[in-house]
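Peer 1: The following block contains the structure, expressed as structure tokens.
The values are calculated or read from the model by the stated rules, or taken from the named source; none is laboratory data. As the structure is a prediction and not an experimental result, all values here were calculated from the model. Methodologically, a virtual Cβ is constructed for each residue, glycine included, from the backbone with ideal geometry; neighbour enumeration extends over all protein chains shown. Accessible surface is based on the protein model in full, side chains and every heavy atom, while ligands, DNA and RNA are left aside. Shrake-Rupley method; radii C 1.70, N 1.55, O 1.52, S 1.80 Å.
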Amino acid sequence: MKTLNTLALIGASALSLTAAAAAPAMAQPWNYPPAYDAPLTTSYVDSLHWRIDDAVRDGRMSPMEARRLHVELRRVQPLTWRVETGRASNMEFARLSRTVNRVEAAVNRYAAVPYAPPYAWGYRR
């Protein structure tokens, strides 16, 4: 009977230690899940600007499309620092993630298809 009481005491103390160890872990601040494809850092957003410029220079993207993508990136650029330092809200994180993924997809889409201006098809003004 004494060994049964000892086992029960050991089990109860192990359970209380587990609960005590889990409480501080649950109180830690919530970290963003890695649910995005692209890294959300300031250097990566800057590199997207360079990739857009390269696509225009190589003739893979129209200047109008590049301008639209630059405007989208400039609008969320202040959020990159906030996300990097952990000060962004969930909405800001989601907005930045959506924008970066959209711009990256557009840049990658134009990587394979060369842009041909309208005069290349025989239309002249």
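Peer 1: Which of the following residues is surrounded by 10 or more Cβ atoms within 10 Å (Cβ to Cβ) and at pLDDT 90 or above: L40, L15, L48?
Peer 2: L48
Peer 1: Among the candidates R87, R60, R75, which residue alone is surrounded by fewer than 13 Cβ atoms within 10 Å (Cβ to Cβ) and not in a helix (DSSP H, G or I)?
Peer 2: R87
Peer 1: Which one of the conditions (1) open to solvent by less than 70 Å² (accessible area, probe 1.4 Å); (2) touching a helix residue (DSSP H, G or I) at 6+ places or on another chain (Cβ under 7 Å) does W81 fail to meet, given that it meets all the rest?
Peer 2: (1)
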